[in-house]
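Report on one structure; see the data block that follows.
The values are calculated or read from the model by the stated rules, or taken from the named source; none is laboratory data. As the structure is a prediction and not an experimental result, all values here were calculated from the model. Reconstructed Cβ throughout: ideal geometry from the backbone, glycine too, with neighbour counts over all protein chains shown. The area values use the complete protein model at the heavy-atom level, side chains included, leaving out ligands, DNA and RNA. Shrake-Rupley method; radii C 1.70, N 1.55, O 1.52, S 1.80 Å.
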Amino acid sequence: MPAAAARVVLVTGVSRFLGARVANTLQADPGIERVIGVDTVPPAESLGRTEFVRVDIRTPDIAKIIASAGVDTVVHLNLVTSSSVPRAKVKELNVIGTMQLLAACQRSSDMRKLVVRSSAAVYGSSPMDPAVFTERDEPAEAPKSGYAKDAVEVEGYVRGLRRRRSDLTVSVLRFANFLGPGVDSPLTRYLHLPVVPTVLGFDPRLQFVHEDDGVEVLRRMTVEDHPGCYNVAGDGVLLLSQALRRAGRPYLPVPSPSISVLGDMGRRFAGLSGFSPELLRWLTYGRVIDTTALEDELSWRPKYSSEAAFADFAAAQGLGHSRLTALLGRA
């Protein structure tokens, strides 16, 4: 549904691939007067007319920026998933940073909309999972560690803000794993290991969301009003074994405890700091989410299926014979 125009938009995590792309997309909208991007480090490339402010959202400085600029819309993309950052710092950035940001939003009289990047990891991965998770389903085993637990806590704080500021339009997006030419994540680094370890006896069903589709969903949530919580993923599923074969990646099924040993090799070969517990569970049991609510709300479907998103990523990386697969996936 159309919204009162978002005039001053603040994007967190603007120096990462998703934040930069979303900021660049929003700044092209003639109805948006200012886009302010915040992060703890400067962006690698120019953000065009997006105004970059170096600030740590864990500090009260974020409230000063929101108040002084008259920010009416916040797009919170600062969920850190990297396993190369110390866990204590990641939790501070994800949870403490979100708490500080939401407190600033609550106090601002100009605020009218909040869009939050969450993760389908809030559903966990378990042998007791339903075949498909809807937004109403609870995890069979709640995440106990890592960014998945952070995402659960972030959503809890967002619900608290929504109760205190019922006038705000709040949209929470539970994304499947991002893939695409510009994505650098624990998953993409895993796929670049010299020999990709898989868990012996398991072939999980996986879903992906292409970065282009993710950016489009975030754009629509920002310039239109779609309150609620929504799963976001490309259509269909891909088995891990199918993905590895199509990318031409050599893989080795090993017992679960041995994965950590091969993960240590990844530190040297692919910049992968071992395997986080949530990544290992996902590579064991997988996860599938239902996206009907999002498609009905937006009257829109992703351009890329999960299969096509993987193929486009693999083609951009020069993996296997995936360039042809990517072209076929778009047809």
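FRET efficiency for the pair Val53 and Arg163, taken as 1/(1 + (r/R0)^6) with r the Cβ-Cβ distance and R0 = 30 Å, rounds to 0.55. Enclosing the Cα atoms of the chain in their convex hull gives a volume equal to 128 cubic angstrom per residue.
The separation of the stretch 1-80 from the stretch 182-226, counted between C-alpha centres, amounts to 23 Å. Build a GNM of the chain with springs between Cα atoms under 10 Å apart, and of Val288, Val55, Val170 the one that fluctuates most is Val55. A probe of 1.4 angstrom, applied to the heavy atoms of all protein chains, finds Arg87 with accessible area near 100 square angstrom.
Summed over qualifying helices (DSSP H, 4 residues or more, each -39500 (n - 2.57)) and divided by its residue number, the chain shows a 222 nm mean residue ellipticity of -11500 deg cm²/dmol.
Subtracting the Cα-Cα distance of Asp225 and Leu200 from 0.36 nm times their residue separation leaves 4.5 nm of extension gain. Taking a ≥ b ≥ c as the square roots of the eigenvalues of the Cα gyration tensor of the stretch 20-170, is the shape rounded (a/c under 1.5), prolate (a/b larger than b/c) or oblate? It comes out prolate by the Cα gyration axes.
Proximity of backbone amide H atoms, modeled 1.01 Å from N, is registered between Phe178 and Val209 at under 5 Å, excluding neighbours fewer than 5 places apart on the same chain.
Charge tally for Asp110 (other residues, Cβ to Cβ under 14 Å; Lys, Arg +1; Asp, Glu -1): +4. At a probe size of 1.4 Å, how large is the accessible area of Arg164, to the nearest 10 Å²? Its heavy atoms expose roughly 140 Å² to the probe. Taking a straight Cα-Cα cut-off under 19 Å and skipping sequence neighbours fewer than 8 places away in the same chain, the lysines within cross-link reach of Lys89 are Lys144, Lys149.
What FRET efficiency do you get for Thr292 and Glu153 if R0 is 22 Å and r is their Cβ-Cβ distance, rounded to the nearest 0.05?
0.25
Leaving ligands, DNA and RNA out of it, rank Met221, Met99 by accessible area with a 1.4 Å probe, largest first.
From most exposed to least exposed: Met99, Met221.
Partner aspartates and glutamates whose Cα lies under 18 Å from the Cα of Lys91, excluding those fewer than 8 positions away in the same chain, are identified as Asp39, Asp56, Asp150, Glu153, Glu155, Glu278. Summing +1 for each Lys or Arg and -1 for each Asp or Glu among the other residues whose beta-carbon sits under 10 angstrom from that of Gly124 gives 0. A simple count of charges around Thr284, restricted to other residues whose Cβ falls under 13 Å of its Cβ and scoring Lys, Arg +1 and Asp, Glu -1, yields -1.
Filter the GluC sites (Glu not before Pro) in the stretch 40-105 down to the DSSP loop ones having no more than 13 other Cβ atoms within 10 Å, then list what survives. When the GluC sites (Glu not before Pro) of the stretch 40-105 are filtered for loop state and at most 13 Cβ neighbours within 10 Å, Glu45 remain.
Applying 0.36 nm per residue to the separation of Ser258 and Gln242 and subtracting their alpha-carbon distance, the gain on full extension is 3.6 nm. Rolling a 1.4 Å probe across all protein chains gives Cys229 an accessible area of roughly 40 Å².
Spatial offset of the stretch 123-171 relative to the stretch 288-308 amounts to 19 Å, using the alpha carbon center of each. Note: relative contact order over the chain, using C-alpha pairs below 8 Å and six or more positions apart, is 18 percent.
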